[in-house]
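The values are calculated or read from the model by the stated rules, or taken from the named source; none is laboratory data. Not measured: the values here are computed from a predicted model. Cβ coordinates were reconstructed from backbone atoms using ideal geometry, including for glycine residues, and neighbour counts include every protein chain displayed. Calculation scope for accessible area: heavy atoms of the full protein, side chains included, ligands and nucleic acids excluded. Shrake-Rupley method; radii C 1.70, N 1.55, O 1.52, S 1.80 Å.
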Amino acid sequence: MGMTMTQKILAAHAGLDHVQAGQLIEADLDLVLGNDITSPVAIKELEKMKTEGVFDRDKIALVPDHFVPNKDIKSAEHCKCVREFAYRNQITNYFEVGEMGIEHALLPEKGLTVAGDVIIGADSHTCTYGALGAFSTGVGSTDMAAGMATGKAWFKVPSALRFSLIGKPSRWIGGKDVILHIIGKIGVDGALYKSMEFVGEGVKNLSMDDRFTIANMAIEAGGKNGIFPVDEKTEAYLKAHSVRPYRIYEADPDAVYDAEYIIDLGALRPTVAFPHLPENTRTIDEITEKVPVDQVVIGSCTNGRIEDMRMAASVLKGRHVARGLRCIVIPATQQVYLKAMEEGLLKIFIEAGAIVSTPTCGPCLGGYMGVLAKGERCVSTTNRNFVGRMGHVESEIYLAGPAVAAASAVAGRIASPEQL
Amino acid sequence: MKKATGRVFRYKDNVDTDVIIPARYLNSSDPKELAMHCMEDIDADFVKRVQPGDIIVADKNFGCGSSREHAPIAIKAAGVSCVIAETFARIFYRNAINIGLPIIECPEAARGIQAQDEVEVDFDTGIITNKTRSTQFQGQAFPPFMQKIIAAGGLVNYINEKESGQALNND
């Protein structure tokens with residue numbers, strides 16, 4: 001029986017010629033990641049282990065990004081714990097305020113994640129790096145600790161769902177519309193324990209930023225990982241960002257999938273996930289009622305990359321956010337921030353009445369920089385619209401891509417750029 | 001492994017880790033402090049009513065969302081002895097085993113147990129007994145190596161015992 005992309009990567013990292021779905025394996029890790037929320041717990045666990053330090057100081061990435069710059073004293077203590085651990089163990093890839101960014105936007109940009117890698121991260125959106133043809137998956141703090149100590153992790157080899165992409169997305173459609181459409185179709189547990197493999201001739205019509213957004217939200221369908229094949233765009237990205245050698249794995253022609261879906265990118269419409277689950281999707285055409293909005297957030301590990309900034313700016317240029325609405329734009333990394341400045345996007349945002357923040361996960365998880373009050377509604381380019389995720393339990397989150405988010409900021413209600 | 005016995009708190013599909021432990025409390029990693037806010041955004045009375053040994057029963061995809069290990073830590077520190085669900089989100093499943101919170105997948109049990117029922121779970125056999133309704137269900141037993149992790153009291157102890165955990169492939 002043939003293997004999927006994911007299975008081939010896992011087999012190679014377990015030193016096996018062949019693996020099959022359901023098999024328990026132990027794989028070598030190329031990178032172990034943690035942030036300011038999950039690393040302190042992992043560090044505490046690591047200190048209980050009978051090991052000397054970490055397995056490889058070059059293969060650990062510590063990125064304080066959730067409550068950074070420190071939002072309060074307790075968060076500052078957590079960051080201090082991570083910083084001191086990084087210095088004590090001479091961790092090469094520790095990113096302080098000033099060089100940090102939101103982890104899943106930062107690591108590919110820094111060239112730390114490449115095709116063929118096996119990566120675990122104590123953050124559920126670690127699945128993002130599948131866009132580069134890597135196997136990457138979210139774990140908890142104890143797995144992170146074990147990974148830092150041993151350089152290994154156990155996995156149950158996943159079966160896979162195959163998403164064959166065809167066609168070309170239209171003007172206002174991005175990766176977010178693609179993945180929301182898919183989650184709406186299969187549900188928030190539609191890919192539970194499985195790989196989501198995105199293939200087909202439509203892949204070439206998706207930019208790397210689109211692919212990062214799609215792989216990023218595989219977890220919102222319950223997926224273990226999301227993965228794309230490596231093509232010219234991927235190789236160009238890898239060569240521009242990394243000096244590390246990469247390896248391309250292709251699925252066998254006789255690989256077995258639990259199910260196959262055909263997604264016509266050309267037929268997609270701007271898509272919004274209504275409260276309180278990412279599967280509650282509606283196309284913009286299906287939203288017939290007026291949904292007034294109090295806040296718009298454009299950023300996060302899902303949609304804080306340069307193309308997202310460009311998309312939002314193209315809508316906001318020469319327009320102004322609705323009176324009484326707060327529009328918060330957060331470039332995901334310092335590099336994205338700088339590029340947005342050089343391209344004049346920040347000027348567009350500020351003239352439109354939006355604010356621009358230093359990189360942080362802040363509002364996405366109701367940390368700070370845009371917490372919602374009771375009854376407030378937010379259109380957000382983030383990834384979760386669970387009860388209370390961004391603040392009060394009676395607030396509401398509508399997930400969308402940057403085009404709809406920016407248009408909604410202007411209209412003061414959920415809208416697409418076509419409706420402005 | 002010791003049996004779990006307790007009264008049931010019953011929840012539905014897709015209980016996410018944001019409602020199990022809201023991110024506004026993640027500036028702490030102290031189990032006792034986390035336990036004080038366990039289930040706060042889905043069941044504000046949970047913390048007031050939970051007794052040591054109590055059991056959580058839920059439908060599909062329990063623990064979906066964020067990878068925060070704080071979620072199973074909060075549940076364990078609140079005194080819960082076991083979580084039974086139709087299915088678990090995979091990161092929560094790993095985390096629960098890694099920190100030594102017993103969990104068991106059993107769709108039939110999830111359907112046959114109501115809030116306030118008195119339930120007993122035998123981890124050695126996987127048998128779940130609803131004492132209130134005098135019914136029994138066969139839960140999915142853990143694979144042998146997961147039993148070893150739980151028996152060791154979590155992944156850290158397991159690795160300490162095994163040093164590198166090399167025996168996984170032989171199980």
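Key figures for this structure:
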read-out	value
Local net charge near residue B:13, Cβ-Cβ under 11 Å (Lys/Arg +1, Asp/Glu -1)	-3
Reachable aspartates and glutamates, given that their alpha-carbon falls under 13 Å from the alpha-carbon of residue B:48 and they are not under 8 places away in the same chain	B:40
Antiparallel content of DSSP bridges confined to segment A:5-264, in %, to 5	15
Segment A:205-356, dipole about Cα centre (Lys/Arg Cβ +1, Asp/Glu Cβ -1), debye to the nearest 20	920
10 °C / 1.306 mPa s Stokes-Einstein diffusion coefficient of segment A:5-264, Kirkwood radius on C-alpha pairs, µm²/s	86
Pairwise Lys count, segment A:271-383 - Cα closer than 29 Å, eight or more residues apart or different chains	5
Helix-derived mean residue ellipticity, 222 nm - over chain A, DSSP H n ≥ 4, -39500 (n - 2.57), to 500	-8500 deg cm²/dmol
Top positive-direction residue, dipole computed over the protein assembly as shown with Cβ charges, set B:84, A:70, A:174	A:70
Value in Å of the Kirkwood radius, where segment A:271-419 supplies the Cα pairs that are averaged	14.7
Among A:268, A:316, A:278 - extreme Cα towards positive end, dipole of segment A:264-320, charges at beta-carbon	A:316
Aspartates and glutamates whose Cα lies under 16 Å from that of residue A:44, excluding same-chain neighbours fewer than 8 positions away	A:36, A:52, A:77, A:84, A:143, B:30, B:69
P(r) of segment A:148-234 over all Cα-Cα pairs, binned every 10 Å from zero, in whole percent	17, 48, 26, 8, 1
Loop GluC sites (Glu not before Pro), segment A:1-79 (other Cβ atoms within 10 Å of the site Cβ: 15 or fewer; DSSP)	A:52
Within segment A:277-349, trypsin sites (Lys or Arg not before Pro) in DSSP loop having at most 14 other beta-carbon neighbours inside 10 Å	A:290, A:323
Cα-based convex hull, chain B, per residue volume (Å³, whole number)	106
Chain A - accessible surface per residue (Å², probe 1.4 Å)	34
Rg in Å to one decimal, and Dmax rounded to a whole Å, for the protein assembly as shown via C-alpha atoms	22.7, 70
Alpha-carbon radius of gyration plus Dmax, which is the widest Cα pair, for segment A:212-297 in Å	18.0, 52
Reach of residue B:60 by Cα under 15 Å, taken over aspartates and glutamates that are not fewer than 8 positions away in the same chain	A:189, A:220, A:279, B:13, B:16, B:86, B:105, B:108
Cleavage-rule hits (GluC sites (Glu not before Pro)) in segment A:234-304: DSSP loop, at most 14 neighbouring Cβ within 10 angstrom	A:250, A:289
